[in-house]
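Colleague: I'd like to ask you about the structure that follows.
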Amino acid sequence: MGETTNTSLDTVVTDFILLGLPHPPSLRTLLFLVFFIIYVLTQLGNLLILLTVWADPKLQARPMYILLAVLSFLDMWLSSVIVPRVFLNFTPASKAIPFGGCVAQLYFFHFLGSTQCFLYTLMAYDRYLAICQPLRYPVLMNGRLCTGLVAGAWVAGSIHGSIQATLTFRLPYCGPNQVDYFFCDIPAVLRLACADTIINELVTFVDIGVVAASCFMLILLSYANIVHAILKIRTADGRHRAFSTCGSHLTVVTVYYVPCIFIYLRAGSKSPLDGAVAVFYTVVTPFLNPLIYTLRNQEVKSALRRIRAGRGAASENK
């Protein structure tokens, strides 16, 4: 365990204790099973999306589904960074996380989370081009450009995560070492710093605020143009098809942004709701995304039927 018996600046924290989610002891086993099952289903659901896009040539040819596959990959990793620590909280296992592990968890959470933010923006831009510029879409959003945009999102996300991790852990931590949260995130860790955190809180608010607000405004601008274009479609069936291609994306954007705004854009907040809201976007959202895209997206469901039919035909030919 880290040396945390006093708050002297000569004492250096070598690990943190994640207090986890408050819960009645009688529900420990049930909560462990719930989070464990959610984690397994999250991995399987997102893996299904990845394999479906990889196995179906029609989906591979559409940038929209390349972006969806990248989103599934991000969800799998984001869930793996957070959720195993959550369900271990309901076991007798040690709640300690090494200092370096805390740094890594915070970095990867913000790296993957901000990359998702950029990816949602790219998905909105893709839908804007497909609906508002249908004749030029194959030229404006080709495979090479799509790959470049995704790579740019990863690089930008990595830079964002590095900034947040560096700013947070450049401060001295001399005790106590109990993080009143279920993972190492900026607001909870900063409360343990043995220094003034005003600058950190301000930079975090501005940095995350600029990233989230700019992406969100670009998404709103894309969809304002999309709605304007859809309303010009004369047939009800055409309007319905156009709206259905955007419905899944709008749903996941909503369940992503609302909790993030609640957590990060309220500087210095210590609301008891923070933990519950954070569980939603770190645990539940990666679980819901594959359900939203398979249940609401006709092309994904058609691809799954084609793959199933192809396997059935192959089995009959044996």
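The values are calculated or read from the model by the stated rules, or taken from the named source; none is laboratory data. Quick caveat, the model's predicted, so the values are computed rather than measured. Cβ sites come from the backbone with ideal geometry, for glycine too, and all protein chains shown count toward neighbours. Remember, those area values only see protein heavy atoms, side chains included, never the ligands or the DNA or RNA. Shrake-Rupley method; radii C 1.70, N 1.55, O 1.52, S 1.80 Å.
Colleague: Residues being open to solvent by 20 Å² or more (accessible area, probe 1.4 Å), within 12 Å of the chain's Cα centre (by Cα) and not hydroxyl-bearing (S, T, Y): count how many of those fall in the range 70-89.
Modeller: Of the residues in the range 70-89, 5 are open to solvent by 20 Å² or more (accessible area, probe 1.4 Å), within 12 Å of the chain's Cα centre (by Cα) and not hydroxyl-bearing (S, T, Y).
Colleague: So the check is Cβ under 8 Å with 6+ separation or different chains; which pairs have a first residue in the range 287-298 that's modelled with pLDDT of 80 or more and a second one that's open to solvent by 10 Å² or more (accessible area, probe 1.4 Å) and of a type in the set (G, A, S)?
Modeller: F287/G45; N289/G45; P290/G45; L291/G45
Colleague: Give me the pairs, please: first residue somewhere in the range 151-171 and among the β-branched types (V, I, T) and at pLDDT 90 or above, second residue anywhere and open to solvent by 10 Å² or more (accessible area, probe 1.4 Å) and not in a helix (DSSP H, G or I), beta-carbon distance under 7 Å, and either six or more positions apart or on two chains.
Modeller: none
Colleague: If a residue has to be open to solvent by less than 10 Å² (accessible area, probe 1.4 Å) and β-branched (V, I, T) to count, how many in the range 146-181 make the cut?
Modeller: 2
Colleague: Criterion first (open to solvent by 50 Å² or more (accessible area, probe 1.4 Å), closer than 27 Å to I131 by Cα and of a type outside the set (S, T, N, Q)) does I66 satisfy it?
Modeller: The answer is yes for I66.
Colleague: Here's something else I'd like to know. Considering only the range 187-215, state which residues are closer than 12 Å to C260 by Cβ and in contact (Cβ under 8 Å) with a residue 24 or more places away in the chain.
Modeller: Correct list: I208, G209, V211, A212, C215.
Colleague: Can you confirm whether P176 is free of Cβ contacts under 8 Å to residues at least 12 places away in the same chain, over 18 Å from I219 (Cα atoms) and more than 24 Å from the chain's Cα centre (by Cα)?
Modeller: no
Colleague: In addition: Of everything in the range 63-80, what is touching a residue at least 60 places away in the same chain (Cβ under 8 Å) and either not aromatic (F, W, Y) or not in a helix (DSSP H, G or I) (or both)? Give them in sequence order.
Modeller: Within the range 63-80, P63, M64, I66, L67, L68, V70, L71, S72, D75, M76, L78, S79 meet the criteria.
Colleague: Residues that are under 20 Å from the mean Cα position of the chain (by Cα), surrounded by 14 or more Cβ atoms within 10 Å (Cβ to Cβ), touching a residue at least 40 places away in the same chain (Cβ under 8 Å) and within 22 Å of L112 (Cα to Cα): does the range 12-19 have at least one?
Modeller: no
Colleague: Determine which single condition T121 fails, assuming it passes every other condition in (1) farther than 29 Å from L231 by Cα; (2) polar (S, T, N, Q); (3) surrounded by 15 or more Cβ atoms within 10 Å (Cβ to Cβ).
Modeller: Here T121 meets the rest and fails (1).
Colleague: Turning to a different aspect of this structure: Does at least one position in the range 90-111 carry a residue that is modelled with pLDDT under 90 and either crowded, with 20+ Cβ neighbours inside 10 Å or assigned to a helix (DSSP H, G or I) (or both)?
Modeller: For the range 90-111, residues modelled with pLDDT under 90 and either crowded, with 20+ Cβ neighbours inside 10 Å or assigned to a helix (DSSP H, G or I) (or both): present.
Colleague: With the condition kept exactly as written, say whether any residue in the range 216-232 is part of a helix (DSSP H, G or I), closer than 28 Å to G275 by Cβ and open to solvent by 50 Å² or more (accessible area, probe 1.4 Å).
Modeller: Within the range 216-232, one or more residues are part of a helix (DSSP H, G or I), closer than 28 Å to G275 by Cβ and open to solvent by 50 Å² or more (accessible area, probe 1.4 Å).
Colleague: Which condition number in (1) in contact with a Gly (Cβ under 8 Å, 6 or more places away or on another chain); (2) at pLDDT 85 or above; (3) of a type in the set (A, V, I, L, M, F, W, C) is the one that L51 fails?
Modeller: Of the numbered conditions (1) in contact with a Gly (Cβ under 8 Å, 6 or more places away or on another chain); (2) at pLDDT 85 or above; (3) of a type in the set (A, V, I, L, M, F, W, C), the odd one out for L51 is (1).
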